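Novice: Handing you this structure, nothing more for now.
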Amino acid sequence: MSTSTDLRILDAPADHTDDENLVVARKWHPWRWVISAAVLIFVAQFVHGLATNPGWDWSTFAQYFTASSVLSALWMTIELTLWGTALGFALGVLLAVGRLSNNPVLQVVSWTYIWAFRSIPLIVQLLFWFNIAYLYKTLSIGIPFGPAFFELGVAGVISGFTAAVIGLALHQAAYSAEIIRAGIISVDHGQIEAANALGIPRYRQFVKIVLPQAMRSILPNAANEVISLFKGTSIVSTMAIAELFYQVQVIFGRTGRVVPMLMVATVWYIILTTILSIGQYYVERHYARGSARALPLTPWQRVVAKYREIRDSSIGAPRGATK
């Protein structure tokens, strides 16, 4: 009995060793390689065309890409985006709160505003504000059908840039209000009931409980709206405001170099959109801290981790050994 037991004990490590030495054959995916090769060939042909086709006129592109007129127009585009985003989302928060309030007047006014400004095309709104001086020579604050307490001239206050900011901000507010409202109502109502039971003030409920959770739903859509607004600033070229696309049109209208100047605008739009996307990634990562035990590594952290892995493996290997 003991002999058979000893034999089984001696045989166990051998069986375990055989299991460890088993080689699992990888499954081949030939169509995956064929599709990847076809895509790489297409990309290579596209890059070859960009590099060799004289119609792209890369010398003109390089000449005007960092020209002072283009950079000043680019800054105008950034200013329009910043002002439109800041004012639009500030007003959007108020509209979202109005729609979620128990006050029927605020609900109706907020809903009507969102309905109206989402129904009217952006270019119509911009042209309306650009020509507001034809309708109202002065703006006054006072008692309706009574005396005015404060009055100012429209022509001296609302310039082309101001009209563009107003149009972009009011248009953005209608969409941002719905994004913010959707994020707020996505928070579990049971948490609000628990906060009420604990006697937490409504302001602290919103700031400490509702908003951090709502931001996870708000941020992706809000970032898309900001990027759309950034590209949508090209519409203000109809108002003769020297933003990026308008300045590019002026230059290719003077030089006749349409394609390279359009590429100048395209590359700048791609660069700034990429910067906005990177910022969106890190802001979303910040607000995702409460939804996961461990956040995924950032691209830079992955590069550093891979470098350390290669460095440590080379240090640990004996001299003359190959990996």
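Every number in this text was worked out from the coordinates using simple rules, so none of it is lab data. Every value quoted in this text rests on a predicted model; they were computed, and no experiment measured them. FYI the Cβ positions are ideal-geometry reconstructions off the backbone, even for glycines, and counts take in every protein chain you see.
Novice: Sort the range 155-308 into rounded, prolate or oblate with this rule: let a ≥ b ≥ c be the square roots of the eigenvalues of the Cα gyration tensor; rounded if a/c is under 1.5, and if a/c is not under 1.5, prolate when a/b is larger than b/c, oblate otherwise. Write out the running numbers ahead of the final one.
Specialist: Values: a/c = 4.11, a/b = 1.55, b/c = 2.66.
Since a/c reaches 1.5 but b/c is at least a/b, the shape of the range 155-308 is classed as oblate.
Novice: For the pair residue 240 and residue 57, how long in nm is the line joining their label points, each one 7 Å along Cα→Cβ?
Specialist: Label-label distance for residue 240 and residue 57, simple model: 2.6 nm.
Novice: Here's a follow-up. Give the long-range amide H neighbours of residue 138: residues separated by 5 or more places, or on another chain, with amide H under 5 Å away, using H modelled in the peptide plane at 1.01 Å from N.
Specialist: 154
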